[in-house]
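Accompanying notes for the structure given below.
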Amino acid sequence: MAEGLEIFLASVKKVLVSSDDFLELKKQTDYIKIYNGNENFDSKDVRFLGAIQFARNTPYLLENYAFPFDKNNMTFPIQGETVMIIKNSDEYFWMPYTIGQYPNYREDYKTSEATAERDLPKSSNDSKQKDYKESKNTPNSQSNQKESEKKEYKVKEKIKFLKPKEGDTIIQGRVGNTIRFSESFLVSEENPKEASPTIIIRNRQNSELDSKKIGELIEEDINKDGTSIYIVSKNAKVPYKHTTIEKEKIGFKEYPADDSLKGDQLYVNSDRVLLSAKASEFIIFGKKNTGIITDGNFSVDAKKDIYLHNEKNITIHSKGSNKIFINSDSGGKIYLGKDSGEGDAGAAVQKMVMGGELVKILGQLIDQIVAMTVATPCGPSSPPTNAAAFTAIKGQLKTLLSARNFLSKT
């Protein structure tokens, strides 16, 4: 061991996570570095972010402060947790100590006798290290001794370690949130050992695994975990099943088969997904088919124009006896075809005709033709000899009307 270097285990008594906990910044001390002439420092010393006050497990000695060994990459400890302390000269640094059966395991601070609650004296700003003896949980304190005898060790953890694959890099949180950097080796004639880089991000362990035995290793499940993000490549296959979506794929006729879902891909699966572009464009590109399949409503609300353009047919289809609405409020016009050159007879764009009104007017016209008389020198003429034909035509007028398509007058 290097001279002046000491390594030991200790219990966390306090974690500094707020500027209210930090000591005042002393700008004249040697460890303050000024980069590029920047002196715009806060009054509190941010070096203390993630620092801890700790007690050696044996004997009960409370030290001053231990700083995180790597402030840019750390899991903040919890009061009562065991950490590894590195003492170098007059400075202390802490590192995680996860040797238990749980990811980032910690003790129940209120029920563990070894880390029983005690007073923490305030540390002087000028002190870098001081030893304090336990002030509450001592043999002479009968009340605290009786209280500690009532305490029982309780295991509340349900989170399990991930089962690693060869060469994996795994980051595991305390409550089932994990990141796995992996490579899947699949045998093929062309590439007998080709790596398929994969990144799996999981937030919340599949609840079906909570009852598994302590120490049993588990794997992610994109279908049952809380929220999953899978970034895969080449031959890596993701066992995603859209079993919760009941709507059959009718419009998306070329939905890819499961065995073709390979290559560079991104999967996101959760109970709810929100994507937001708060200041500029939101853009989706799809080199091939792009589909939306939902068991609920699909809607588009836009404050400005909605424009659809394609180079082949457009089909709008509703299954069953449902209705299709094309509506414009407040006097807006609806055009089928062009929207310029509007006018009366002979114009390129003209107004539509109401079917019911057309049948009514044509019926009235036929009635007048059948009842028509003409004054002659011999007196009024009789109704036309082909009156019956006109009456038959009147009986067919309603065949002009569509059985399922309707038009509003305004």
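The figures follow:
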item: Where only C-alpha atoms are counted, convex hull volume of region 169-269 per residue in Å³; result: 125 Å³
item: Low-density loop positions, chymotrypsin sites (Phe, Trp or Tyr not before Pro), region 252-300 - DSSP coil, at most 11 other Cβ in 10 Å; result: 282, 285, 298
item: Rough spin-label spacing in nm, given labels placed 7 Å along Cα→Cβ, for residue 70 and residue 347; result: 7.5 nm
item: Spacing of the two label points (7 Å from each Cα toward its C-beta) at residue 401 and residue 372, in nm; result: 2.6 nm
item: Neighbour-count order for 316, 159, fewest beta carbons within 10 angstrom listed first; result: 316, 159
item: Residue exposure sequence - 69, 406 - by fewest surrounding Cβ within 10 Å; result: 406, 69
item: Simple label model, 7 Å out from Cα along Cβ direction - residue 7 to residue 409, nm; result: 9.1 nm
item: Cβ-derived FRET efficiency at R0 22 Å, residue 301 paired with residue 276, nearest 0.05; result: 0.95
item: Neighbour-count order for 317, 309, fewest beta carbons within 10 angstrom listed first; result: 309, 317
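Only the coordinates and a few stated rules stand behind these numbers; no lab work does. Nothing here was measured: the structure is a model prediction, and the numbers come from that model. Ideal geometry is used to build each Cβ from the backbone, glycine not excepted, and the neighbour counts take in all protein chains shown.
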